[in-house]
Every structure is written in C-alpha cells, then in structure tokens.
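Single-structure report; data block below.
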Amino acid sequence: MKQGQYYLTTPIYYVNAAPHIGHAYTTIAAETIARLQRMKGLDVVLTSGTDEHGTKVERAAQAQGKTPRAFVDLISNEFRAQWQKLDLRIDRFQRTTSPEHAKLVNELFEACRANGYIYKGSYTGMYAVVSEAFVNDAKPGDVDPETGKPYEEVTEENYFFKLSAFTDRLLALYEENPDFIGPEIRRNEVLAFVKGGLADLSITRTSIKWGIPVEADPSHVFYVWFDALTTYISAVAGEDRWPADLHLIGKEILRFHAVYWPAFLMAAGWPLPKRVFAHGWLLFENDKMSKSRGNIVRPSPIADVMGVDALRYFLLREIVFGQDGSFSFDALVGRYNSDLANGLGNLASRTLSMLAQYRDSTIPEPSSHTAIAHVAETAAASALAYFNASDFSKGLEQVWSIISAADKYIVELAPWKLAKLTDDAAQKLLSETLYTAAEALRIVCVLISPILPKSAQAIWSQLGYTGRVEDEKVGSLKWGGLPGNQKISSIAAVFPRLDVKDTVKKMVELEGAEKSRQAALMGVSPAPDAPSVATTTPVAPIADTISIDDFSKVDLRVGLVKSAEPVKGADKLLHLNVDIGEAEPRTIVAGIALAYKPELLIGRKVVIVANLQPRKLRGLTSQGMIVAASLEGGSPVLASFLEEVPIGARLK
RNA sequence: GCCGGUGUAGCUCAGGUGGUUAGAGCGACGGUCUCAUAAUCCGUAGGUCGCAGGUUCAACUCCUGCCGCCGGCACCA
C-alpha cells in the first residue's frame with residue numbers, strides 16, 4: 001500500500017437475492033466516500049463484487065435448469081448492471097468464482113496452515129442446507145425452524161481454523177485500534193462476543209461441490225467466509241493496495257469482518273484492514289424489509305422517476321449513518337421537494353437567472369469579504385469534518401446552512417430593487433450581491449459533489465465551468481474561487497419540483513414491474529401484488545422427493561391447547577400442554593412466543609408432530625412439535641382448521 | 001434471562017462535566033417579496049423532556065425502581 005492511496009470495499013453480495021435498496025444503500029455510501037477521498041487528492045479504489053458459491057446457489061440454479069456457472073453469471077451481471085444504472089463507479093468488481101481469487105484463497109489457506117492454525121478434524125452434525133451451517137445440538141429428524149426442512153445428517157472431514165487461539169490477539173487489536181470497528185455500539189457488541197470465547201471454525205466442506213477446491217486436498221472446497229472475505233485482497237491482486245482502509249458493511253455481517261477476517265489474516269501473517277464500519281438497516285416505514293413481508297424496495301424505479309441523486313441524497317441525509325433508518329416513498333419525495341427543489345435548486349435558479357438578467361450572464365469581479373463568506377467557509381469546514389467522519393447527515397445540514405444563509409442574504413439585499421437603480425453605488429452593490437450568491441453556490445457545488453455528483457456537475461456547468469466539479473480539491477476550498485468575468489451557460493432547473501402523489505404512484509408502478517423482472521431472473525414466479533399482506537415472493541426450493549412411506553412415518557395429530565405459558569429465561573419459547581386424545585396432555589415446547597400470546601392459544605386447535613423424538617429444552621422435555629408456517633425472517637404462523645375437527649385426528 | 005442502547009414538539013432528531021423563558025429541520029398556520037422551481041424571507045405554532053420516587057438551593061441533564069421500544073448473546077424442533 002503506497003502513500004496517497006485509499007482503498008475501500010463494499011461487501012460482496014450473495015447472488016441468492018436480486019439487488020435491492022439495501023445493497024444500493026451500502027454501495028452508494030461507499031461510492032460517496034470514494035468520491036470524497038478522491039476530492040481530497042487521494043488515489044482511490046473502490047471494490048464490490050458477488051459471492052457466488054454454496055449449496056443455496058447450486059440448488060437455485062438446479063431449480064432453474066441452469067448450471068451453477070450460468071446462474072451466477074446471470075445474477076452477478078445483474079448486480080453490475082444495477083450499479084451501472086445507478087451511475088455508481090465501481091473500480092474493481094470481484095467474483096468469488098474468478099480464477100485469481102481461487103488462487104489467493106488457497107494461498108491464504110496455506111499461509112495459515114504453515115503457521116499451524118489449520119488442522120483436520122472430523123465433524124458429524126446436523127446440517128441446515130438453506131443456511132449452510134451446522135446446527136449445534138440438533139438431532140436426527142429435527143427440522144430447520146426457518147425453512148421447515150429437515151436437517152441433513154452430515155459427517156465429514158473438515159479443515160478447521162483455530163479461531164480459539166486468537167481471542168486475546170483480537171481483543172488486543174480492538175484495544176490498540178479503537179477505530180477498528182465503528183460505530184461504537186457495534187464495537188461493544190463485538191467485544192462482548194469475543195470476550196465470551198471463540199470456537200474453532202470449520203472452513204472446508206466435502207459435501208459441497210460448488211466451491212473453490214482446496215488445492216492441497218481436492219476433495220474439499222472452501223466454505224463461505226474463508227472463500228468470500230478474501231475477495232477484498234484478490235480484487236486488487238498485483239496492485240499493492242492491500243490492506244484496505246475501510247470495509248463498509250451492513251451490521252448483519254459485522255462478526256465475520258471484525259472477528260473472523262482479522263483472525264484469518266493474523267494467522268497468515270498478512271496485513272489487517274484498518275477499519276470496519278457497519279451501517280444500519282433500511283427499514284420500510286419502520287418494518288424490516290423482507291421477502292416474506294413483500295416490502296422490499298428496488299432502487300432503479302426511484303432512479304428512473306426521481307434521478308439517482310435524489311436517492312443518494314435521501315439515504316445520506318435522512319438516515320444517520322450507522323443507525324437504522326426508515327425509508328418511505330413519501331419521505332423521499334418530501335425531502336426532495338423541501339431540500340433539493342426549494343432549497344438548492346431554487347437558489348441556483350434565482351442566482352443564475354439574476355446574473356443573466358442584470359449582468360449579461362457574466363460573473364462580476366470577486367467581491368470583498370461579506371458575512372456570507374464567513375458563514376460559507378465556516379460551514380464548509382464543518383461539513384467536511386462531518387463527511388470525513390462519515391456523518392453525512394450532519395455534514396449536509398452544514399451545507400444547507402450555506403444555502404439558507406444565501407437565500408436570506410438575497411432577500412435582504414433585494415438585487416431586483418438594486419437593478420432598478422442606476423447610480424454607481426447601487427450597481428456596485430448589485431455586482432457584489434450577485435457575486436456573493438454565485439460564489440456561495442459554487443462552494444455548495446464542490447461540497448455536495450461526492451453525494452450529488454450529477455446535480456453538482458449540472459450547476460457547476462451552468463455557472464460557466466467547462467471542467468468537472470469532482471476534479472476540485474476540497475482541501476483548498478476558499479471563498480473567492482469563482483472567477484470574475486466567467487460567462488454562465490444556459491439555465492435549466494436541476495431539481496424540478498415534484499408532485500408527491502404522482503411521483504409516488506409512478507415509482508410504485510415501476511416497482512411492480514421491476515419486482516416481476518427480478519423474480520423472473522431469479523427463476524421464481526412472481527407473487528401477486530399485495531404489499532400489505534404477507535406474501536412469500538421467491539419460494540425456497542422444494543426438498544427432495546420422498547415416498548408415501550416416508551411421509552407416513554410422520555404422525556401429525558390434531559391437538560387442543562390446554563395451557564400455555566412462557567418458558568422462564570427464554571424469549572421465544574412457550575410451554576404448552578396439548579391434548580391429542582391421549583391419557584395425559586403432552587408437554588410441547590414451541591418457539592412461537594414472539595408471535596403468539598399464551599392466553600390466546602388456550603383452547604385453540606393445532607397440529608402436532610406426535611412421534612418426534614422428545615427433546616429437552618430449557619429444562620422441559622418437549623414431546624412433539626407444533627406445526628407452523630415458517631417465514632424467513634418473520635414470525636411463525638400456526639397451522640389451523642376452518643372446520644371442526646376432533647382432537648387426536650391424524651393428518652395424512 | 002444476561003449485556004448494551006433508547007424513550008424530548010405531528011414527523012426526524014440536537015440538547016459535554018445539573019443552573020435564567022427546553023432547541024433545529026420538515027410539516028401546519030398567518031404575513032411579505034417578486035430575482036426564482038406556487039419557490040424565498042418574516043412571524044406564530046405552547047412538548048407533564050416515558051412513569052414514579054430520590055439527591056440538590058436547582059435536573060431533560062445525576063441515582064433507584066418500573067414501563068415501552070431497539071439491538072447483541074442465550075434461545076427457536
């Protein structure tokens with residue numbers, strides 16, 4: 001890594017989902033930081049990419065009758081196309097399926113092994129196919145609560161990474177580099193997690209085919225994180241850019257970046273990234289966005305209707321970076337109208353228009369220092385400080401204080417009145433006033449360029465510049481930079497005011513089309529539009545075919561809930577007594593406490609798996625399992641009957 | 001259950017180490033100007049600062065308890 005360089009990354013996105021606004025949020029934020037660093041004069045590289053291996057991908061491809069390769073090519077291209085459409089400049093796009101990446105993963109593995117941090121162990125366990133993880137404590141016949149699919153019993157020889165050996169070194173890392181993890185809340189979470197002790201990680205699989213082969217032992221392929229995180233290095237292979245200055249990620253993958261990744265690198269003796277920053281989630285009107293809620297928003301309809309800059313502005317202004325934030329179409333258009341149309345757009349419009357009318361489209365000579373100059377310089381410095389700390393919303397507030405001061409100043413000086421006066425003093429004052437307004441506008445343009453690149457450039461050009469505003473250096477931003485005598489060019493509204501209802505309607509319509517297009521791409525039939533009702537859009541692949549005999553092994557019974565109470569010390573568990581026609585009601589412990597109030601369950605008829613091996617949970621022995629629809633990321637919904645059914649009836 | 005965070009005007013949020021009338025932006029309402037994108041500018045709008053105690057001359061700001069929400073861990077057959 002050379003002086004004067006800056007290297008940052010977005011996560012590599014998993015190709016089991018089509019790009020949505022959450023992906024766009026991370027990528028936009030990263031691209032904004034990249035632009036900002038460039039305007040500080042640094043040689044910046046921003047990488048993104050796609051994570052393309054694993055059983056989930058293999059099965060999704062199979063479901064579409066495609067080879068994994070063809071499938072991942074398709075989705076990876078979709079991500080790239082999306083970033084292009086949003087005008088996001090991604091300097092390197094790395095895929096986990098690229099050959100140079102495979103080479104590097106093996107190098108990392110060998111380096112760790114040479115230092116004694118890799119060992120071969122045998123592991124037998126229940127494996128959840130969909131989440132691609134071994135499940136601790138699961139027993140044969142158990143079912144994945146998230147997908148309703150049985151776990152698969154898997155015994156395999158794995159290579160393990162001695163993560164346990166790194167507890168102290170990781171804690172020392174966080175201690176010595178307080179900025180390694182941001183924001184503070186996330187840092188504390190990681191600290192608590194690591195202090196709780198770390199278990200070794202299985203980093204290879206023999207049961208998966210679609211992955212990077214371990215060269216030293218080709219019956220193995222690398223497993224998720226060992227394979228994926230390494231893209232941050234392979235993306236800039238041969239460029240002398242590693243270590244990264246910043247990994248920008250969503251909070252859901254913090255542990256992998258703040259714990260596993262530095263441990264892998266320490267084990268190999270490779271340099272560590274300097275900072276990991278986890279931003280918050282984008283909620284849709286305060287609900288989590290999820291497939292099951294059907295409230296996922298895609299970025300391209302917004303870009304089509306309102307422009308990319310409107311989306312960028314909203315995401316970085318409305319949401320405090322690092323915290324969760326709420327997205328809504330109304331808020332988006334509201335922000336646009338009040339800040340961009342009425343604020344910045346109108347200031348540009350009135351300033352340029354007056355220059356055209358009163359000064360023959362020519363910028364007057366730079367004027368002496370005014371109060372506005374002071375305001376602008378102070379706010380600019382403050383804004384840049386906030387931007388540097390990735391506090392975009394506060395930084396933008398500072399920039400807008402310049403706009404507001406300029407508007408106020410214009411009204412006070414009333415150039416339209418001065419224009420009617422012919423004496424020299426009035427004309428001189430008019431020139432000064434117009435210069436001041438234009439210069440304030442110029443400073444605003446430079447400051448917002450990383451966030452609103454297109455709009456900043458549009459105003460910049462209207463101010464008469466022929467070059468690019470992004471080539472300006474923010475470090476040398478001083479009052480008086482706008483050259484006198486410069487001819488402004490033709491004026492056009494940069495942010496036309498939008499009708500809220502109309503605009504939202506258009507976006508929602510396009511959103512529907514985009515949803516269908518993506519669903520087709522992913523190979524799932526688009527669900528009917530019912531945004532407020534829970535619909536399961538892309539359906540998880542169907543499990544392997546079983547015979548009727550296999551099915552008849554499962555004894556499902558109608559049961560009546562006699563009692564229900566929370567299990568002490570567990571958030572999700574309810575202790576139920578269910579009568580299925582036997583001498584005694586059964587004790588059933590069910591993970592439905594978040595979705596159902598115990599008192600509302602009493603007297604309700606439910607479906608029970610009656611011949612499931614009993615299982616001890618929180619001290620109680622559960623004699624069966626309650627059947628419920630399991631929504632990904634959502635609450636379970638109990639199976640029930642519309643007609644009367646007798647207790648103990650069997651389902652078959 | 002453990003750990004952490006949080007609860008301030010309709011909305012989004014500011015309010016180091018306690019001290020005159022609790023702030024900003026948006027929205028709303030009234031007014032003004034006319035250069036401008038029915039924009040700007042000015043003014044107004046009265047929120048028990050979650051609840052209850054406590055410490056103090058004085059608490060939104062400290063302490064205790066409770067309630068609500070969010071997150072991490074445990075947990076989900």
Q | Long-range neighbours under 8 Å by Cβ, at least six apart or interchain, first residue more than 15 Å from A:V72 (Cα to Cα) and in contact (Cβ under 8 Å) with a residue 60 or more places away in the chain within the range A:93-109, second of a type in the set (S, T, Y) and part of a strand (DSSP E or B) | A | A:F109/A:Y159
Q. What is the one condition in (1) within 18 Å of the chain's Cα centre (by Cα); (2) buried (at least 22 other Cβ atoms within 10 Å of the Cβ); (3) not polar (S, T, N, Q) that A:V333 does not satisfy?
A. (1)
Q | Single unsatisfied condition, A:A593 versus (1) exposed (fewer than 14 other Cβ atoms within 10 Å of the Cβ); (2) assigned to a loop (DSSP other than H, G, I, E, B); (3) within 14 Å of RNA strand B (Cβ to nearest atom); (4) not hydroxyl-bearing (S, T, Y) | A | (1)
Q: Report yes if A:V333 is within 13 Å of RNA strand B (Cβ to nearest atom), touching a Ser or Thr at 6+ places or on another chain (Cβ under 8 Å) and farther than 27 Å from A:L86 by Cβ, otherwise no.
A: no
Q: May I ask you to say which residue of A:E157, A:E175, A:E152 is of a type in the set (D, E, K, R), within 22 Å of A:H247 (Cα to Cα) and modelled with pLDDT under 90?
A: A:E175
Q: Specify the residue that is surrounded by the most Cβ atoms within 10 Å (Cβ to Cβ); the eligible residues are those in the range A:336-375 that are more than 30 Å from A:S393 (Cβ to Cβ) and of a type in the set (A, V, I, L, M).
A: A:L355
Q. Of all residues in the range A:336-385, which are touching a strand residue (DSSP E or B) at 6+ places or on another chain (Cβ under 9 Å), more than 13 Å from RNA strand B (Cβ to nearest atom) and aliphatic (A, V, I, L, M)?
A. A:I363
Q: Select the helices (runs of 4 or more DSSP H) contained entirely in the range A:350-455, then report the ones holding at least 3 residues which are touching a residue at least 12 places away in the same chain (Cβ under 8 Å) and hydrophobic (A, V, I, L, M, F, W, C).
A: A:371-388, A:392-413, A:424-448
Q. Restricting to the range A:85-103, what's the tally of residues that are in a loop (DSSP other than H, G, I, E, B), in contact with a strand residue (DSSP E or B) (Cβ under 9 Å, 6 or more places away or on another chain) and of a type in the set (A, V, I, L, M)?
A. 2
Q.
β-branched (V, I, T), surrounded by fewer than 22 Cβ atoms within 10 Å (Cβ to Cβ) and in contact (Cβ under 8 Å) with a residue 24 or more places away in the chain: is that true of A:V72 in this structure?
A. no
Q.
Looking only at the range A:543-560, filter to residues that are among the β-branched types (V, I, T) and at pLDDT below 85; which one of those is nearest to RNA strand B (Cβ to nearest atom)?
A. A:V554
Q) Within the group A:A414, A:A426, A:A438, which residue is small (G, A, S) and over 20 Å from A:V375 (Cα atoms)? A) A:A426
Q: Give the range A:456-465 a look and list any residue that's part of a helix (DSSP H, G or I) and more than 28 Å from the chain's Cα centre (by Cα), or say none.
A: A:A458, A:I459, A:W460, A:S461, A:Q462
(Q) Among the residues in the range A:404-412, are any more than 16 Å from A:A348 (Cβ to Cβ), in contact with a Ser or Thr (Cβ under 6 Å, 6 or more places away or on another chain) and either aliphatic (A, V, I, L, M) or within 12 Å of RNA strand B (Cβ to nearest atom) (or both)? (A) no
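The values are calculated or read from the model by the stated rules, or taken from the named source; none is laboratory data. No experiment lies behind these values; they were computed from the predicted model shown. For neighbour counting, all protein chains shown are included, and Cβ atoms are generated from backbone atoms with ideal geometry for every residue, glycine included.
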